[in-house]
1. Is it true that Asp40 is modelled with pLDDT of 95 or more, open to solvent by less than 10 Å² (accessible area, probe 1.4 Å), within 16 Å of the ligand (Cβ to nearest atom) and under 25 Å from the mean Cα position of the chain (by Cα)?
2. Looking at the stretch 13-37, which of its residues are within 30 Å of Tyr349 (Cα to Cα) and surrounded by fewer than 17 Cβ atoms within 10 Å (Cβ to Cβ)?
3. Which one is nearest to the ligand (Cβ to nearest atom) among residues in the stretch 65-93 that are crowded, with 24+ Cβ neighbours inside 10 Å and over 15 Å from Cys51 (Cβ atoms)?
4. Name the single residue that is least open to solvent (accessible area, probe 1.4 Å) among those in the stretch 280-312 being among the polar types (S, T, N, Q) and under 16 Å from Thr322 (Cα atoms).
5. Could you list, in sequence order, the residues of the stretch 315-362 that are part of a strand (DSSP E or B) and open to solvent by less than 20 Å² (accessible area, probe 1.4 Å)?
6. Can you say whether Thr351 is within 30 Å of Pro79 (Cα to Cα), among the hydroxyl-bearing types (Ser, Thr, Tyr), within 16 Å of the ligand (Cβ to nearest atom) and at pLDDT 95 or above, as far as the supplied structure shows?
7. Where in the stretch 170-227 are there strands (runs of 3 or more DSSP E), lying wholly inside it, with at least 1 residues that are in contact with a helix residue (DSSP H, G or I) (Cβ under 7 Å, 6 or more places away or on another chain) and among the acidic types (Asp, Glu)?
8. Looking only at the stretch 98-113, how many residues end up being open to solvent by 10 Å² or more (accessible area, probe 1.4 Å) and of a type in the set (S, T, N, Q)?
Amino acid sequence: MTQTNLRIDGKRLWDTLMGYAEIGATAKGGVRRLTLTDVDKRGRDKFRTECRALGLTVRVDAIGNMFARRPGRDPSRAPVLFGSHLDSQPSGGKFDGALGVLAGLEVMRSLNDLDVVTEAPLELINWTDEEGSRFGHSLMGSGVWAGVFGLEKAYGLTDTEGVSVATALDGIGYRGPEPASPFKADAYFELHIEQGPILEREARQIGIVTGAQSQVWYDAVTIGQDSHAGTTPPSTRKDALVCAARIIDLVDRMMRARGEDGRGTVGQLLVSPNSRNVVPGEVRFSIEFRHPSDAEVDVLDAEFPPAAQAIADACGIKLELTTLFKIPAQPFDPSCVDLVRQGAARLGYSTREIVSGAGHDAVYVARHVPTAMIFTPCKDGLSHNEAESIEPEEAEAGCQVLFEAVVARANRSL
Ligand SMILES: [Zn+2]
């Protein structure tokens, strides 16, 4: 059986997206639905009610991840999973995360309407705290589930008011009885907006995501000497900011040497004493490199520290460089990626293979379950912004490809 004749309802999907966008709606057309707040609870409650109305069974695990299950014809088969996250940034958009969950809801609704029973069971997931903006740890729910970090550690994280994750979970009634740990699953699919400009620029409807980038992150401190801006001549200056600036330029040059696949960013700079008439004595800054290839990140990680040290030596400045973490690229499962490719091809959508530049729940899930992602374009590549925008037909195309991939996987012969 091919699925090409089965269609999801694009208008219903759009209405659902707009309905959830009212929960935590901001004046500028965005969404503020911080994880484990009363606003998040309203979204979760609505989601649970709507899942139950479809006959799905909803489970909640110890970190608040929600799993809505639709039975398959063969109860012995491992479920096919799909979903994303309903929490948002403090001034976030309507689609980051919500698209993946609500397209999943539309897949479930369409299957009910079309009277389709898949061979394997299906589970739609809402992961807790993908954004990390309240408790400072992104991908928290999927990270705990995947065993990347411990449940107790997550419970102990606090927000700026001192409220812990455990207290917040109890406060909204979403500390569930299920263990937050991997169970046997056949596949995981996540639809997400690209959060970058590539699909829009190349006028492609669907991004076939082949994996996530390799990354290395550092903390750096340049230490010189505070001194009077008016009385310190060049020969005796120890300007920590000039040294930092030359290292920042190095980061940019090392990125650009790798063409369009390279990423190198200094996004945070703390200048001390930060006074206009004092030569800066100390600068703390962040550095990160990303690339689809582990080998390139290995080269960056080998070459950057000594090159930065050489700059500091030439400036007569002390450099302290600490590696925060280094994570390898996460390639997605070829057979799952192929189902996305085939689904998009059957439907006649224009496509492009793409590596995810951002972190996603799928990256952690992929450590345990064969995984693939689907990207849709977003206007001007903008995300984590109230102006985040996509077109109804883009949402529909992404949802239709999700539907095809999920149903094909769930009905595959074993
Ligand atoms: Zn997201």
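1. Yes; evaluated as a whole, the condition is true for this residue.
2. Selection gives Asp15, Met18, Gly19, Gly29.
3. Per the criteria, the residue is His85.
4. In this case the residue turns out to be Ser286.
5. Just the residues of the stretch 315-362 that are part of a strand (DSSP E or B), to begin with: 318-327, 330-331, 351-356.
Selection gives Ile354, Ser356.
6. Details: within 30 Å of Pro79 (Cα to Cα): yes; among the hydroxyl-bearing types (Ser, Thr, Tyr): yes; within 16 Å of the ligand (Cβ to nearest atom): no; at pLDDT 95 or above: yes.
So Thr351 fails the test.
7. Result: 187-193.
8. 1
The values are calculated or read from the model by the stated rules, or taken from the named source; none is laboratory data. Worth saying up front: this structure is predicted, and the values here are computed from it rather than measured. Cβ sites come from the backbone with ideal geometry, for glycine too, and all protein chains shown count toward neighbours. Remember, those area values only see protein heavy atoms, side chains included, never the ligands or the DNA or RNA. Shrake-Rupley method; radii C 1.70, N 1.55, O 1.52, S 1.80 Å.
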